[in-house]
1. Which residue pairs have Cβ atoms closer than 9 Å, lie 6 or more positions apart in sequence or on different chains, and pair a first residue in region 255-283 that is closer than 12 Å to V194 by Cβ with a second residue that is more than 13 Å from the ligand (Cβ to nearest atom) and among the acidic types (D, E)?
2. Do any residues in region 321-332 that are over 30 Å from L266 (Cβ atoms) have Cβ atoms under 8 Å from those of residues that are open to solvent by 40 Å² or more (accessible area, probe 1.4 Å) and more than 10 Å from the ligand (Cβ to nearest atom), where the two are at least six apart or on different chains, and which pairs are they?
3. Inspect all residues belonging to region 144-151 and state whether any of them is in a strand (DSSP E or B) and open to solvent by 40 Å² or more (accessible area, probe 1.4 Å).
4. Take the residues of region 286-336 that are within 11 Å of the ligand (Cβ to nearest atom) and of a type in the set (G, A, S): which is surrounded by the most Cβ atoms within 10 Å (Cβ to Cβ)?
5. Quick one: in region 82-106, which of the residues that are part of a helix (DSSP H, G or I) and either modelled with pLDDT under 95 or of a type in the set (V, I, T) (or both) is nearest to S134 (Cα to Cα)?
6. Give the residues of region 121-142 that are free of Cβ contacts under 8 Å to residues at least 40 places away in the same chain and surrounded by 14 or more Cβ atoms within 10 Å (Cβ to Cβ), sorted by residue number.
7. Please find, among L234, L266, the residue that is closer than 30 Å to K182 by Cβ, within 16 Å of the ligand (Cβ to nearest atom) and in contact with a His (Cβ under 9 Å, 6 or more places away or on another chain).
8. Within 22 Å of G197 (Cβ to Cβ), open to solvent by 20 Å² or more (accessible area, probe 1.4 Å), within 13 Å of the ligand (Cβ to nearest atom) and out of contact with any Pro (no Cβ under 9 Å at 6 or more places or on another chain): which single residue out of K342, K355 fits that description?
Amino acid sequence: MNFLKDKKILLIICGGIAAYKSLELIRLFKKNGSVVKTILTNSAKKFITPLSVASLSQEKVYTDLFDHNNEAEMDHISLSRWSDLILIAPATANTITKLSNGMASDLASTVVLASDKKVFLAPAMNVRMWEHNSNKKNVKKLKEFDYQLIGPEVGDMACGEFGEGKMIEPENIINFFIKYFKSEKKHCKYKALVTAGPTHEYIDPVRYVTNKSSGKQGYEIARSLSRKGFDTTLISGPTNLEPITGVNTINVNSAKEMLEATLNNLPVDVAIFSAAVADWKIKNFKYEKIKKDNNINLALEKNIDILNYVSKHNSLRPKIVIGFAAETNNLIENSKKKLNDKSCDWIIANNISDKSIGFGSDFNEVTIFYKNKKIEKISKMKKSILSDRIVQRIVSELN
Ligand code: CTP
């Protein structure tokens, strides 16, 4: 099986002597059936020409951020959305610095910053530059953003020196991606369901009761699962988040709708209940807008606990059921209780009294309570990276 066939590779070529290797890289990707669109930085054009890149890739080559024709044809956002992944090869010290600082000063850095795809870098630079503390710091930051480095290698350099900094050979980069797509494919047999976001419990046609959940953690988990090759369904309460390419998203409003959508999408192998489902709904929903002259007392009644319902279901229970626990106090005690009471396999708990993590933030710090294993604490990190960690654990448990 050819794991690179029809894969959409967005290759960013930076200005370094190793740029000539990217021509061979394009040839090999094409030989394996991939579609390769390329961005050349301004300095890359001093080493290789757009014409040679276009001839090999048989695709238009993108160079300038403000090129009127390019932007009309495919703008920087569409370019990154189009791809399955972004590969920067060679990645120079200059580009690594820009990316580690989140700059958007040319087409290449803007596309990367605007991307929701996995980013890979094949660095190439002189050994002293590679070993410079400033570069080391930048590389560390890139890893924290979950960008993945391929190489560099140790060897003789074009500048005559020897050491670490040589761009990994194109053939080895190709082998790396064959393995990467192969490991993604392995999980295709698995189905996953994620609930995310808040719910809206309507009082009348214009007013509702809700909570502060942004849905970010659940969306990131769905994205990570899909990237790993899971057939993923996301049941989302109302959020401001962009839909995720490749994830089957079902939008709902109320807890009742979320329960129905969840049941309609079972069975799955793993279900992750990250939604902040309203615990109560309005007992007497008014079909007409309530006028303010009225004095109202809102009578509430309990919503069904979706996690609890699915987890205890005789025939529909997924192999792995994961709940979340949002706690302001007694985190350990409350989470253990939720794990047992709701018959979960794991509870992922976060302390929502810390404003720098959890609700609305891009960061989270969690403690995982397992049914059969010791508690695990995962330190503060971006929700996207945390999601990859969670999915890694799901994969090893399923296998
Ligand atoms: N949950 C659910 N359906 C509900 C309420 C909660 O599926 N009607 C799920 C959440 O998605 C989460 C877990 O239950 O995975 C725990 O939610 P949380 O709000 O932390 O706790 P509750 O069970 O609602 O209890 P409490 O609000 O008293 O802490």
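1. Pairs that qualify, where the first residue is closer than 12 Å to V194 by Cβ and the partner is more than 13 Å from the ligand (Cβ to nearest atom) and among the acidic types (D, E), are V268/D231; V270/E397.
2. Qualifying pairs under 8 Å: T328/N351; T328/S353; N329/S353; I332/I375.
3. yes
4. Of all residues in region 286-336, those within 11 Å of the ligand (Cβ to nearest atom) come to 302-311, 321-331, 334-335.
With the extra rule that they be of a type in the set (G, A, S), the set shrinks to 311, 323, 325-326, 335.
Details: S311: 21, G323: 28, A325: 22, A326: 19, S335: 25.
Here the residue is G323.
5. So the first thing to find is which residues in region 82-106 are part of a helix (DSSP H, G or I), and the list is 82, 93-100.
Add one more test, that the residue is either modelled with pLDDT under 95 or of a type in the set (V, I, T) (or both), and what stays is 82, 95-97.
Values: W82: 33, T95: 13, I96: 10, T97: 9 Å.
Top of the filtered list is T97.
6. Filtering region 121-142 down to residues free of Cβ contacts under 8 Å to residues at least 40 places away in the same chain leaves 121, 126-134, 136-137, 140.
The answer is L121, N126, V127, M129, W130, H132.
7. Values: L234 fails: in contact with a His (Cβ under 9 Å, 6 or more places away or on another chain).
Sole residue among the options that is closer than 30 Å to K182 by Cβ, within 16 Å of the ligand (Cβ to nearest atom) and in contact with a His (Cβ under 9 Å, 6 or more places away or on another chain): L266.
8. Numbers: K355 fails: within 13 Å of the ligand (Cβ to nearest atom).
Step by step, each of K342, K355 is checked, and only K342 is within 22 Å of G197 (Cβ to Cβ), open to solvent by 20 Å² or more (accessible area, probe 1.4 Å), within 13 Å of the ligand (Cβ to nearest atom) and out of contact with any Pro (no Cβ under 9 Å at 6 or more places or on another chain).
The values are calculated or read from the model by the stated rules, or taken from the named source; none is laboratory data. Because the structure is predicted, anything quoted here is derived from the model rather than measured. Cβ atoms come from the backbone with ideal geometry, glycine included; neighbour counts cover every protein chain shown. Surface areas here come from the heavy atoms of the whole protein model, side chains and all, with no ligands, DNA or RNA. Shrake-Rupley method; radii C 1.70, N 1.55, O 1.52, S 1.80 Å.
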